[in-house]
Structures are given as C-alpha cells and as structure tokens.
1. When you go through (1) modelled with pLDDT of 90 or more; (2) under 21 Å from the mean Cα position of the chain (by Cα) one by one for R212, which number turns out not to apply?
2. Of the residues K42, K78, only one is assigned by TED's automatic domain parsing to the domain that holds E110 and loosely packed, with under 14 Cβ neighbours inside 10 Å; which?
3. Among the residues that make up the range 196-205, is at least one of them over 20 Å from the mean Cα position of the chain (by Cα), surrounded by fewer than 16 Cβ atoms within 10 Å (Cβ to Cβ) and in a helix (DSSP H, G or I)?
4. Scan the strands (runs of 3 or more DSSP E) fully inside the range 1-103 and keep the ones with 2 or more residues being among the β-branched types (V, I, T) and touching a Gly at 6+ places or on another chain (Cβ under 8 Å).
Amino acid sequence: MPPIKIILTEDHQILRDGIKALIASANITISGEASTGQELWKLLDKDLPDIILMDISLPDTSGIELTRLVTEKYPEIKVLILSMYTDESFINQAIKAGAKGYLHKNTTREEMLVAIDTVLSGNDFYSDNISKIILKNYIEKAKLNINEIDNPNEILSKREIEILKMFAEGFINKEIADRLFISIRTVESHKNHIMQKLNLKTQVELVKYAIRHNLINI
C-alpha cells in the first residue's frame with residue numbers, strides 16, 4: 001500500500017516541524033509544505049495529496065475559504081483543519097466549507113493518526129474537545145426549537161434507521177458492515193440514501209438528527 005501523502009498548510013515553520021515529528025510514520029509522507037494559500041496552489045499544480053492539514057489563520061487568506069476552494073476543485077482531497085480556534089462559528093464555517101475534520105493544535109499523536117485514517121476511510125473526524133463544543137451548542141439550540149414535525153420512521157426504512165444509529169454512535173463503515181454482515185459498499189449506499197432522504201450533508205448533521213429524534217442516548 002503506498003504511503004499517505006499529506007501537505008502541511010501552516011505559516012509557522014516551528015509548528016510544521018512539530019507536526020512532522022508528531023505524525024512521522026512509514027505509512028505517511030509529507031509531500032509538501034505551504035505557509036500561504038498561494039504556495040498551496042503551486043503544490044497542488046504539481047501533485048495532489050490525500051490529505052491537507054490546514055491552519056485557519058494564513059497570511060494571505062483564510063484557511064476556511066481555502067478549504068472551500070480546494071474541496072470544490074479537488075473533491076478527492078480530504079481537508080483536516082488544525083487550529084487553535086475552538087469557537088463554534090469557526091467550526092461550523094469549516095464544516096460548511098467542506099472540511100472532513102477539525103483538530104485542536106494540542107492534539108496528541110494518537111488522535112491525529114486516528115483522524116488521518118478516519119477521513120481517508122470516508123468518515124468525518126472531530127477531536128474530543130471539538131465534538132463536545134459542537135454537541136453542547138447544538139443541545140442548547142435544540143432546547144429553543146423543539147417543534148420537529150419530521151418522523152424518521154416515516155422517512156427511513158428499518159435498516160436505514162439501524163445504520164443511522166450506528167453512524168451516529170461513531171461506528172465507521174467497516175465496523176457497521178461487519179456487525180450487520182453486509183458489504184462496505186452496501187453500507188456506503190445506505191448512508192448516501194439516508195443523507196439524501198434527510199437532506200443532510202455532513203456526519204455532524206447526521207449525529208444532530210439522531211440526537212434530535214432520540215435515536216441515540218447522550
């Protein structure tokens with residue numbers, strides 16, 4: 001299996017060096033380093049990575065806007081935000097821009113490697129502290145808007161509800177396939193149908209839907 005190619009987009013050399021040391025692995029290659037959006041585009045013109053580790057604050061542009069542009073032009077590239085910002089507004093903007101995950105810069109080596117593997121498998125990843133912020137703010141807003149009229153039992157099949165619950169509980173495609181004795185391709189197909197029926201675009205929205213309808217316990 002070829003190594004995972006990663007581009008680091010971070011304007012501080014000392015932080016890039018730290019990240020490289022953190023994720024050093026025989027299965028990971030740092031294929032490029034960019035300190036600005038302009039440098040990133042030059043790297044992408046030469047070779048496309050599997051993942052971009054993206055800082056939000058860059059000298060010439062916002063990492064969130066850069067994420068939006070990159071994911072629109074190269075949807076096969078997974079963008080992981082790596083930032084000191086934990087405000088809900090930044091997290092929501094990053095998700096809407098197409099980021100597949102959001103990590104705080106105090107992340108551990110283990111968590112970052114799990115994040116890399118998770119987004120490569122097609123799932124979203126948010127570090128524990130980021131997930132807590134998303135969940136806390138969502139619950140607070142949900143308490144102000146409890147008049148939901150859509151019923152998942154009227155929209156989804158029993159199998160789709162079962163798979164929705166498992167995704168919301170954090171299971172990845174392979175784990176669901178193994179537990180239900182179906183193929184990964186079938187799991188992915190069910191997930192796509194669920195997202196389409198519920199008009200959801202991200203894993204976070206899926207989790208929120210499951211919480212809102214009491215499909216999982218929190």
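The values are calculated or read from the model by the stated rules, or taken from the named source; none is laboratory data. Source: prediction; values computed, not measured. Cβ placement follows ideal geometry from the backbone for every residue including glycine, while neighbour counts extend to all protein chains displayed.
1. (1)
2. K42
3. Yes; the residues of the range 196-205 include at least one that is over 20 Å from the mean Cα position of the chain (by Cα), surrounded by fewer than 16 Cβ atoms within 10 Å (Cβ to Cβ) and in a helix (DSSP H, G or I).
4. Output list reads 4-9, 78-83.
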